[in-house]
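What follows is a short report on a single structure.
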Amino acid sequence: MFNDSADFRRVASGTLLIVAPLLQAVAVILDPGTWGDDREAVSYGANPALAQTQSAMYHWAYLLTALAALGLLHVMRRRAVLFGHIVGPLTVLGYINLSGMLMIDPVEWWLGQHNSPEESTRILDEMLNLPGVVLGFQMPWLFFAIFGLPVLLVGVWRAGFAHWWVPLVVAIGYGTSLLIPYGPVTVVMWAAPAVALGSLGVKMLRMDRREWVSHYPTAAPGRTTPDSYANTTA
């Protein structure tokens, strides 16, 4: 498999579509802030081991989602091509920046160990409102992840690879989580996209090599691509 570009990319993309959102869904369950004090400086201090675990899981969930988004572009090689070329990279950039924001967690935990919750919040707000942090990590990059993935999945649906409910479920799950307080309901909101994205991952893993390769556009044989290459390229 490692020497076969088609099988490797198919298996890698399918696996990431299952693992990445699942990591995020598990992270929100483990997060002490989901069930305890909504001030992370307090809830993280109450269980630092779980706080550090969930933070690392979120970090890797977002990085792996960026790679999964690249895998989704494969099924858009024939249809919705321009759409994928625009939305895909923006979604990837959004998730990379989102993973970088997870470094806030250990800072907030440390501040909570050495200051009152109010003072910790004040210091953290001053840090996060620095222009370099806002423009370099937050705005508008974070929204490219939150809104970019559902939009990208619309392209996957238009390309004929996903059912209409997949982008809808992901949009409702991640979009609603912005409108409600972070807490137990967030578990449901992030579990639903994990199911939707996981279904695409399972679909990719069940594809055979021929189905995967069929998404590659081939040049007219004998003109820009030799016959043998056009029939075997992956």
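The values are calculated or read from the model by the stated rules, or taken from the named source; none is laboratory data. For clarity, every value in this text was computed on a predicted model and none was experimentally measured. No Cβ is skipped: glycine too gets one built from the backbone with ideal geometry, and neighbour counts run over all protein chains shown.
Would you be able to say whether some residue in region 141-163 is without any contact (Cβ under 8 Å) to a residue 12 or more places away in the chain, farther than 23 Å from D38 by Cβ and small (G, A, S)?
Taking every residue of region 141-163 in turn, none turns out to be without any contact (Cβ under 8 Å) to a residue 12 or more places away in the chain, farther than 23 Å from D38 by Cβ and small (G, A, S).
Need pairs with beta-carbon distance below 7 Å; first residue over 15 Å from L67 (Cβ atoms) and within region 80-100, second among the basic types (K, R) and in a helix (DSSP H, G or I); sequence gap 6+ or separate chains.
Hits for this filter: A80/R158.
So that you can scan it fast, the table gives a plain yes or no per residue for (1) modelled with pLDDT of 85 or more; (2) among the β-branched types (V, I, T); (3) in contact with a His (Cβ under 6 Å, 6 or more places away or on another chain):
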| residue | (1), (2), (3) |
| --- | --- |
| A162 | yes, no, no |
| L178 | yes, no, no |
| G183 | yes, no, no |
| M189 | yes, no, no |
| V195 | yes, yes, no |
| R223 | no, no, no |
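Counting only residues that are within 22 Å of I123 (Cα to Cα) and in contact with an Asp or Glu (Cβ under 8 Å, 6 or more places away or on another chain), which one in region 30-51 is surrounded by the fewest Cβ atoms within 10 Å (Cβ to Cβ)?
A46
Take the residues of region 104-141 that are assigned to a helix (DSSP H, G or I) and of a type in the set (G, A, S): which is modelled with the lowest pLDDT? Please lay out each step first, then the result.
Step one: filter region 104-141 for residues assigned to a helix (DSSP H, G or I), giving 104-114, 117-128, 131-138, 141.
Of the ones still in play, those that are also of a type in the set (G, A, S) are 112, 120, 132, 136.
On the way: G112: 82, S120: 87, G132: 88, G136: 85.
Out of the qualifying residues, it is G112.
Scan region 114-140 for residues that are touching a residue at least 40 places away in the same chain (Cβ under 8 Å) and of a type outside the set (A, V, I, L, M) and report the count.
Start the filter on region 114-140 by keeping residues that are touching a residue at least 40 places away in the same chain (Cβ under 8 Å), which leaves 115, 117, 120-121, 124, 137-138.
Subsequent filtering for residues that are of a type outside the set (A, V, I, L, M) retains 115, 117, 120-121, 137-138.
Qualifying residue count, region 114-140: 6.
How many residues does region 172-194 hold that are buried (at least 17 other Cβ atoms within 10 Å of the Cβ) and free of Cβ contacts under 8 Å to residues at least 24 places away in the same chain?
The total comes to 4.
Do you know which residues across region 109-137 are more than 26 Å from N47 (Cβ to Cβ) and among the polar types (S, T, N, Q)?
Listed by number, the list holds a single entry, N129.
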